[in-house]
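Report on one structure; see the data block that follows.
Rule-based calculations on the coordinates, nothing more; no lab input. Since we're looking at a predicted model, the values are computed, not measured. A quick note on method: Cβ atoms are made from the backbone with ideal geometry, for glycine too, and the neighbour counts reach across all protein chains shown.
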2 protein chains.
Amino acid sequence: MHSLKSLHQRISEAFSDTMFTQDPLQLYQPITYTLELGGKRLRPVLVLMSCEIFGGDIEKAIYPAMGLEIFHNFTLLHDDIMDNAPLRRGNKTVHQKWDTNTAILSGDTMFVIAYEHVAKTDPALLPQVLDLFNDTARKVCEGQQYDMNFETQADVAIPDYMNMIRLKTAVLIACSLKLGAILANASDDDATKIYDLGIELGMAFQLQDDLLDAFGDTSKFGKTIGGDIATNKKTFLFLKAFDLAKDDTLIKLTNYFYDKEISGAEKTEGILAIYRTLKIDEITQREIEFHHGKAMDIFRSLDFDEANSSEMVELMQEMLGREK
Amino acid sequence: MHSLKSLHQRISEAFSDTMFTQDPLQLYQPITYTLELGGKRLRPVLVLMSCEIFGGDIEKAIYPAMGLEIFHNFTLLHDDIMDNAPLRRGNKTVHQKWDTNTAILSGDTMFVIAYEHVAKTDPALLPQVLDLFNDTARKVCEGQQYDMNFETQADVAIPDYMNMIRLKTAVLIACSLKLGAILANASDDDATKIYDLGIELGMAFQLQDDLLDAFGDTSKFGKTIGGDIATNKKTFLFLKAFDLAKDDTLIKLTNYFYDKEISGAEKTEGILAIYRTLKIDEITQREIEFHHGKAMDIFRSLDFDEANSSEMVELMQEMLGREK
């Protein structure tokens, strides 16, 4: 069993070996730039991890694992255009550094490159692998659409939000784990279980992201705290607060969010104070624990021996931003 | 052997049966809209035609054939954003009717749907089919990038242009024919030959489009004549004219193209007169004949019996906009 660290290294190596230096440079430079921004490489590591715990050979999973990471980066590239985001991982986004047309077309090309990597798999497994990837890609697009809809939609309910993050974030985590299982020739039943585990883990992961955006430690989180609050993003915290707030608190909350005179630290601090009063942080934490617990239950039902499972448990912890 | 007309009907039926009515509507309505705009459905008809002349069953080729058409429409959708085009087939483009974000994301989703259709094929043939499709999609993106580069690039040579239209247009025609051959279990040699035929046919097809844009009959062509001239598009005609023009003619040509005081009918008529003087229409026609001739040579080397080949020859003629 490889350590989590060595799986990370294997994926980093694979990306270092992959260069897009060909013509037309205008098309491939933004792709190299995007892939070199790095990131945690969480999804390909999940593929290798899952492949290995099911007894597969990780070397046969490298290309498809990279495919998922390239796909993920493609979605970020196009999402950044749609959100008009200036920065990604502390660097200029492609549409800012180049232009929107470049970002659209380089993104489309990354999508093809993702498929090329996914296709580099055992031909006998290809139909199953491709169906999984297509299904995932479609759902991620649907999730992004719901996310955009919610920006202007007044009546977003918590189940709508949970469905959105399931599509936009959790299915790709689930796909990563199932892909590893398929490549290890795991049973259909096991592949389904690890997918379901991935959904729960992905939900916990996104909710943790929402929580850290409001209550995280800037130095560790790597993003500005309160970004979601500043942009009135309808996160789990936002929706829960509006569900629970009554009377004066509701009026104050509404004012803090929608009064354009209030902004910056005043807005963030005001809303965080209300979140604390309503115990939104604790409620969110419990929701995270709930999904993480469901993921752990499924994991235990899979009955791996201890030697094979400790690294996976560590990764699941790491995804929730915990020290241990 | 099915008639050309019945192949067209079969594809139209298949698209009529394919509806995207699910949620989120904001994502799927633009896709339905795009696919309902129709078009000649040339690429899927080429798939079925090729499948049949190689002795395959067209029913097994319907989904992959649709996949190529959906891919083609996806590229038009994203190209229209990049070109800021207001109209497509006489209707508002998606980014005009909705907005750019919708056009980006619905396009991405169409790309996934294209892959879903391509994947619905005999599993034994899937690796080959997927490799062909990936290779084609990548080249089409490269072609679009070169096309965009040429807008601002001063020194575009005719071979550069020919390479661009090969990538942007001809490879998808070639892919259509090769896909049909693969699905009919044709030999590798035959599949390669029909691909090469498709490249020549695709080149002729695009050059014919360039020619008709300048010298076509508006009522038959379905586009405004002189659109390429109005936008200073570096077509074969443009590049050839600058190659051949000398002295006063070169000065006049440069003025007509780049003097912003000259526009509309004055510009179009002035440039067309120079094109006629330089015999650009005849030269382009000869270039079309050259590529069509090469396509016909390959076709004849494939040695089909007459009953199977007449419809294909008719289609090849039709693609060049000829009455017969």
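Assorted remarks:
- Here chain A is treated as a Stokes sphere of Kirkwood radius computed over C-alpha pairs; at 10 °C and 1.306 mPa s its diffusion coefficient rounds to 77 µm²/s.
- Dipole of the protein assembly as shown [Lys/Arg +1, Asp/Glu -1 at C-beta], most positive-end residue of A:Met319, A:Ala214, A:Val47: A:Ala214
- Inverse mean reciprocal Cα-Cα distance (Kirkwood Rh) of the protein assembly as shown, Å: 27.1
- Cross-link partners of A:Lys139 among lysines, defined as those whose alpha carbon lies under 16 angstrom from its own and excluding same-chain residues fewer than eight positions apart: A:Lys168, A:Lys178.
- Here's how it looks for B:Gly226: its modeled amide H is under 5 Å from those of B:Ala214, which are all 5 or more places away or on a different chain.
- Set of the stretch B:109-152 residues, backbone N closer than 16 Å to the point 7 Å along the Cα-Cβ line of B:Asn232: B:148-152
- Extension reserve of the A:Thr18-A:Thr249 stretch, reckoned as 0.36 nm per residue once the Cα distance is removed: 77.8 nm
- GNM result for chain B, Cα springs below 10 Å: residue of B:Asp248, B:Asp190, B:Asp108 fluctuating most strongly: B:Asp248
- Applying 1/(1 + (r/R0)^6) with R0 = 41 Å to the Cβ-Cβ distance of B:Leu87 and A:Ala124 gives a FRET efficiency near 0.30.
- Candidate cross-link partners of A:Lys193 among the aspartates and glutamates, defined by an alpha-carbon separation under 18 Å and a same-chain spacing of 8 or more, comprise A:Glu52, A:Asp131, A:Asp135, A:Asp297, A:Asp303, A:Asp305.
- Cross-link partners of A:Lys252 among lysines, defined as those whose alpha carbon lies under 27 angstrom from its own and excluding same-chain residues fewer than eight positions apart: A:Lys223, A:Lys233, A:Lys234, A:Lys240, A:Lys260, A:Lys267, A:Lys279.
- Shielding by partners - mean other protein chain Cβ count within 10 Å, residues of B:109-120: 5
- Inter-site label distance for B:Glu151 and A:Asp189 at 7 Å from Cα along Cβ, in nm: 5.8
- A:Ile262 versus A:Glu314: modelled label distance in nm, points set 7 Å from Cα along the beta carbon direction: 4.6
- For A:Gly90, the distances from its label point to the matching points in the remaining copies are 5.7 nm, ordered from shortest, with each point set 7 Å beyond Cα toward Cβ.
- Rounded to the nearest 20 debye, dipole of the protein assembly as shown from Cβ charges on Lys, Arg, Asp, Glu: 960
- Mean separation of Cα contacts under 8 Å (6+ apart) over length of chain A, as relative contact order %: 18
- A point 7 Å from Cα along Cα→Cβ stands in for A:Asp189, and the other copies hold the same point at 5.2 nm, listed in rising order.
- Its residue count N fixes a reference of 2.2 N^0.38 Å for the stretch B:1-71, and the Cα radius of gyration divided by that reference is 1.19.
- Choice from A:Ser263, A:Ser176, A:Ser50 with maximal GNM fluctuation in chain A (Cα, 10 Å cutoff): A:Ser263
- Between A:Ser301, A:Thr249, A:Val112, the Cα set farthest toward the positive side of the dipole of chain A (charges on each charged residue's Cβ, about the Cα centre) is that of A:Thr249.
- Label-to-label distance, A:Glu36 versus B:Lys5, with points set 7 angstrom from Cα along the beta-carbon direction: 6.0 nm.
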